[in-house]
């Protein structure tokens, strides 16, 4: 079986798949224009966040049997259409959970102690201690919106810091002994809100002007999930009005942004979608991708062998 790997993937992952007898080709710089002519020759495709697998591409790939997204989100793939064509779609939800959770925790500390502004002040050769009185995170309430693998990992770490954890998740898995609440209760109660859910039709713009109005004045918000879950215009208004004290954003509605107004605010810090960008996470993602591809291929081959 033939596998096309469209985005940079660890060498060990590629070697594992080849050792299992698969033909693995890499095309890390493939363009959207090239994909419709290249991908139809493959049984399986491995992508990361760069490569999009949309309906028109799926429709010209009759041999495609498996799409693997190395990462958590599937918003770059037309999943329902792929599955309607009999194509299996997989991702690696656990591999980067710890890395994203650590970034969220790091952002909580940065917001609590104004570390970005304090560093900028010091680099400007100022010694302005009185301007940077912060808050302890212990005793504060952290509202986790989306309590899957990443939400649970974030909650575990925050709990050890002495934070009270409440969570909103429509699936309510019940993990980690967390207190589940309604979204309205979370918004009204939390001192910090961190988002860890996929972007879907239901979650797009789920945090807008109405939701900000229900929050505590002075709440701090962290989004290491997906851009577009928070309405950025509404967030801008909440930040400039003082309703939201500060925000930390690893993700944006457009990446890279075309409108940088949020990041020009003094009470916003951010990063260019680096939640899963650790050596450890990338190694785990590669290992999980190889495992998924090899298991799928072995199962497919076994099903065609005579009894």
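Each reported figure results from applying straightforward, stated rules to the coordinates on display, with no laboratory input. Since the structure is predicted, the reported quantities are computational estimates derived from the model, not experimental observations. In this analysis, Cβ positions are derived from the backbone assuming ideal geometry, glycine residues included, and neighbour counts consider all displayed protein chains.
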### Summary
Taking the alpha-carbon centre of each part, the distance from segment 221-286 to segment 78-95 in Å is 26
## Note on the structure
Among 19, 290, 152, the residue with the largest mean-square fluctuation in a Gaussian network model of the chain built from Cα contacts under 10 Å is 19
### Task
Measure nothing but the geometry: give the 0 to 90° angle between the long axis through the Cα atoms of 232-241 and the longest principal axis through the Cα atoms of the chain, rounded to 10°.
10
### Share antiparallel - DSSP beta bridges, the chain, percent rounded to 5
0
### Query
Under the rule of -39500 (n - 2.57) per DSSP H run of 4 or more residues, summed and divided by the residues of the chain, what mean residue ellipticity at 222 nm is obtained, to the nearest 500 deg cm²/dmol?
-10500 deg cm²/dmol
### Task
With mean projected area of the Cα convex hull in nm² defined as stated, name the option among (i) 18.6; (ii) 22.8; (iii) 17.0 computed from the structure displayed.
(i)
### Query
Over segment 97-270, what is the relative contact order in whole percent, taking alpha-carbon pairs under 8 Å and six or more residues apart?
19
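For a footprinting-style exposure proxy, rank 6, 61 by other Cβ within 10 Å, fewest first.
Working: 6 25, 61 22.
Result, fewest neighbours first: 61, 6.
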### Summary
Note to self: C-alpha centroids of segment 132-208 and segment 13-73 sit apart, in Å, by 35
### Task
For residue 255 paired with residue 131, estimate the spin-label separation in nm (one decimal), with each label point 7 Å from Cα along the Cα-to-Cβ line.
3.2
### Query
With each label point set 7 Å from Cα along the Cα-Cβ vector, what nm distance links residue 115 and residue 160?
1.6
### Query
Which peptide among 94-101, 253-260, 280-287 comes first, and what is the full order, when sorted by highest mean count of other Cβ atoms within 10 Å?
94-101, 280-287, 253-260
### Query
Expressed as an acute angle from 0 to 90° and rounded to the nearest 10, what is the orientation of the C-alpha long axis of helix 97-113 relative to the principal long axis of the chain?
20
### Task
For the chain, find the longest principal axis of its Cα atoms and tell me its angle to the long axis of helix 149-160, 0 to 90°, nearest 10.
30
